[in-house]
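Novice: I have a structure here, written as structure tokens, and I will follow up with some questions on it.
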Amino acid sequence: VLRVPARAQQGLLQAATAAQAGVADAMAAIQAITQALTPVLLAAGAGDAEALRSLLPRPGDAARAFLPDAAPRVQAAMERWLASDDPPRVQAGAGRTSLRVHPATVEALATRHPLASPFPGAYEALAQHHLTPGRTWVCWVFHAPGHTEGVRYDGLVWLDDHWAWFPKPWRGLK
């Protein structure tokens, strides 16, 4: 029988309690992000132009979301795309009235933490080399009720006071 000294038992209990609190905090953050984004994303997916506009990057957003080597290139790519004949849009598609939101920190993306599994694989290298640490990024899926597959989007980042959408941001780094 393994005997663990009382002081070590107390330390293990404190570590386990802290880990549980960390998991609870993370789950609460995920729930809060999902609740905040769901109405906006559903509206954008249904064609609400104002909802979509609220997600588009503002001047200076790329410099907040990306490291200095990448920010100007991503900003220029977004400006070209927004001015093009085929600007970014969100389309849920017929019958896709349900939504799954997947947030992950840059650190989770860089290490392919399980929270990063719904993201395109390009996010791992992007997070390791080009994303500002500490930011939370989101990908999402519109799907039909009772189904898991659907239309996927990515590139939404929280910038302290608003969300900014940089879809498939690695494309701007080519």
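The values are calculated or read from the model by the stated rules, or taken from the named source; none is laboratory data. Since this is a predicted model, take the numbers as computed values, not measurements. Here the Cβ positions follow ideal geometry from the backbone for every residue, glycine too, while neighbour counts run over all protein chains shown. Heavy atoms of the whole protein, side chains included, go into the accessibility calculation; ligands, DNA and RNA do not. Shrake-Rupley method; radii C 1.70, N 1.55, O 1.52, S 1.80 Å.
Novice: Of all the residues that make up the stretch 133-174, how many are free of Cβ contacts under 8 Å to residues at least 12 places away in the same chain and buried (at least 19 other Cβ atoms within 10 Å of the Cβ)?
Specialist: 0
Novice: Ok, one more. Read through the list (1) touching a residue at least 12 places away in the same chain (Cβ under 8 Å); (2) open to solvent by 40 Å² or more (accessible area, probe 1.4 Å); (3) over 18 Å from Ala32 (Cβ atoms), then give the number of the only condition that His113 fails.
Specialist: For His113, the exception is condition (1).
Novice: Separate question: Looking at (1) open to solvent by 50 Å² or more (accessible area, probe 1.4 Å); (2) at pLDDT 90 or above, which is the one condition that is false for His130?
Specialist: Evaluating His130 over (1) open to solvent by 50 Å² or more (accessible area, probe 1.4 Å); (2) at pLDDT 90 or above leaves (1) as the failure.
Novice: Does the stretch 75-85 contain at least one residue that is exposed (fewer than 15 other Cβ atoms within 10 Å of the Cβ), modelled with pLDDT under 95, part of a loop (DSSP other than H, G, I, E, B) and touching a Gly at 6+ places or on another chain (Cβ under 8 Å)?
Specialist: No; the residues of the stretch 75-85 include none that is exposed (fewer than 15 other Cβ atoms within 10 Å of the Cβ), modelled with pLDDT under 95, part of a loop (DSSP other than H, G, I, E, B) and touching a Gly at 6+ places or on another chain (Cβ under 8 Å).
Novice: Restricting attention to the stretch 86-100, report how many residues are out of contact with any Phe, Trp or Tyr (no Cβ under 8 Å at 6 or more places or on another chain) and open to solvent by less than 30 Å² (accessible area, probe 1.4 Å).
Specialist: So the count comes out to 0.
Novice: Return yes when Glu124 is part of a helix (DSSP H, G or I), open to solvent by 70 Å² or more (accessible area, probe 1.4 Å) and of a type in the set (Asp, Glu) and no when it is not.
Specialist: No.
Novice: Please state which of the following conditions Gly47 fails to meet, knowing it meets all the rest: (1) open to solvent by less than 50 Å² (accessible area, probe 1.4 Å); (2) of a type outside the set (Val, Ile, Thr); (3) modelled with pLDDT of 75 or more.
Specialist: (1)
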